[in-house]
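Novice: My structure is below; once you've seen it, I'll send some questions.
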Amino acid sequence: MSEKLLEICTGDPEGVLEAFKGLADRVELCSDLPEGGLTPSIGLVQMASNFLPTNVLIRPRPGDFIYSVVEMTTMRMDIRTAVAAGASGVVFGMLNPDGNVNVRACSHLLSEAEGLENTFHRAFDLTPDPFRALEEIIDLGFSRILTSGQQATALAGADLIAELHERARGRIKIIAGGGVTPENAAEILRRSHADELHASARKRITSPMKYSGCVSMGRADAIDGSRMSTDMDTVQAIRLATYSI
């Protein structure tokens, strides 16, 4: 088995540099990772595209993947802006209330991203019939699917990822993502046969603030100013794991 492409999901400028120094092949950019990721700033897209191929998450809010007309309009504008800022691809996914892929809505957004690398994200893991979803996503023309195999982690879902890869027969790339660590990356790839690997590779960054008061700026665990961000050493360790299979 050959080396697999490594995509690092990150949401801040230093994280992009850490992914670059850690030898990632590509970044997926998003903001607010604790919410599952939201569309990042244009400045970050411009910065990241100077270092690595950059796929931009298009998700206007947290919660479900059923979008209103005004949200869809916003997503279309975000795609245009991301492309103008240097994005090499976009990442999105829309579902119907029954959990199946919203083919029409996806088609509308794909028309804005023609010629790019388009990833259907982990909304896939909420679909009731992953094999039906696989065929619909292929027919739409997406480049890849990001999935944990409909489990909490890609390791737990490795068997389904392997079956998706087999059924895809090279028609679309399957990315294994969700709970990927240096310790389990090689096993995930061996068991899932995924084409690519997706990880956040984060560690806690301590704030240099000497006084931080007692007011939270939105997260109860961040009163001290600490945060989670991509770590070069963790990226490198996962990168090395992709060579060992």
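The values are calculated or read from the model by the stated rules, or taken from the named source; none is laboratory data. Just so it is clear, the structure is predicted and the values come from calculations on it, not from any experiment. Every residue, glycine among them, receives a Cβ derived from its backbone with ideal geometry; neighbour counts consider all protein chains shown. To get the accessible areas, we keep the full protein, side chains included, count just its heavy atoms, and leave off ligands, DNA and RNA. Shrake-Rupley method; radii C 1.70, N 1.55, O 1.52, S 1.80 Å.
Novice: Return the lysines within reach of K203: Cα separation strictly under 25 angstrom, same-chain partners fewer than 8 residues apart disregarded; answer none if there are no such residues.
Specialist: K4, K21
Novice: Whole angstrom only: what separates the Cα centroid of region 102-139 from the Cα centroid of region 46-84?
Specialist: When both Cα centres are located, 15 Å separates them.
Novice: Let me ask another. Hey, got a sec? Which GluC sites (Glu not before Pro) in region 51-140 land in a DSSP loop and have at most 14 other Cβ atoms within 10 Å?
Specialist: Here the sparse-neighbourhood loop sites are E114.
Novice: 7 Å from Cα along Cα→Cβ at both V70 and R171: what's the point-to-point distance in nm?
Specialist: About 3.9 nm separates the two model spin labels.
Novice: How large is the accessible surface per residue of the chain, computed with a 1.4 Å probe and reported in Å² as a whole number?
Specialist: 46 Å²
Novice: Check L5: other-chain or 5+ apart residues with amide H under 5 Å from its amide H, H built from backbone geometry?
Specialist: Correct list: L197.
Novice: Can you give the extra length, in nm with one decimal, that the chain gains between D233 and A156 once fully stretched, where that is 0.36 nm per residue apart less the Cα-Cα distance?
Specialist: Taking 0.36 nm per residue and subtracting the Cα distance, the gain is 25.3 nm.
Novice: To continue, here is another question. Counting only protein heavy atoms, what percent of the accessible surface of the chain is carbon or sulfur at a 1.4 Å probe?
Specialist: About 53 percent, which is the carbon plus sulfur part of the accessible surface.
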